[in-house]
Every structure is written in C-alpha cells, then in structure tokens.
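Data block below; observations after.
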Amino acid sequence: MFKLSMIMCSAVMASCYPEILDNGIYENYYLCAIDGYQTSIFALQELGEDMVREKQIYIKFSCTLNEFI
C-alpha cells in the first residue's frame, strides 16, 4: 500500500508550507502517482493563474510505501 503526501511551495518565497494533503492509501504506486499529478493540477487551478504566477507556486508530492497498513 502507498500513501500520498503533498506539499505546496513558492519559488519566490523560497519556502514550502506544511503538508497540505494526505489523500489516503493506494493499492499500488501507479494509482498513487496518477492521483498525485491530477490533484496537483487541480490545486494549481484552484489557486488561480495570478497567484501561481506571482508566487511561482509548485506542488511536490510523494508516494510512500507503507507496509503496516
């Protein structure tokens, strides 16, 4: 099982916010990665073009293997 974690960062501010999303557990890495990319796109769209451009926002995500789930 894989856990998706996401962090939003600003290149202008040279910093990242604390983890913004824990999107649950996935049966395999592929499903986790696909959701990570889709959720990143949705988050940037929700912030809007002006904010993303002004703050140079980007999303980092990881899919971590969790054998204890």
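Annotations for the structure displayed:
- Being of a type in the set (Asp, Glu) and touching a Ser or Thr at 6+ places or on another chain (Cβ under 9 Å) holds for only one residue in Glu46, Glu19, and it is Glu19.
- 1 or more residues touching a Pro at 6+ places or on another chain (Cβ under 9 Å) and open to solvent by less than 90 Å² (accessible area, probe 1.4 Å): qualifying strands (runs of 3 or more DSSP E) within the chain: 2-10
- Applying the condition of being of a type in the set (A, V, I, L, M, F, W, C) and modelled with pLDDT under 95 to segment 20-31 and asking which residue is nearest to Ser10 (Cα to Cα) yields Ile20.
The values are calculated or read from the model by the stated rules, or taken from the named source; none is laboratory data. Everything numeric in this text was worked out from a predicted model, so none of it was measured. Here the Cβ is made from the backbone with ideal geometry for all residues, glycine too, and neighbour counts use every protein chain on show. SASA here: full protein model, heavy atoms, side chains in, ligands and nucleic acids out. Shrake-Rupley method; radii C 1.70, N 1.55, O 1.52, S 1.80 Å.
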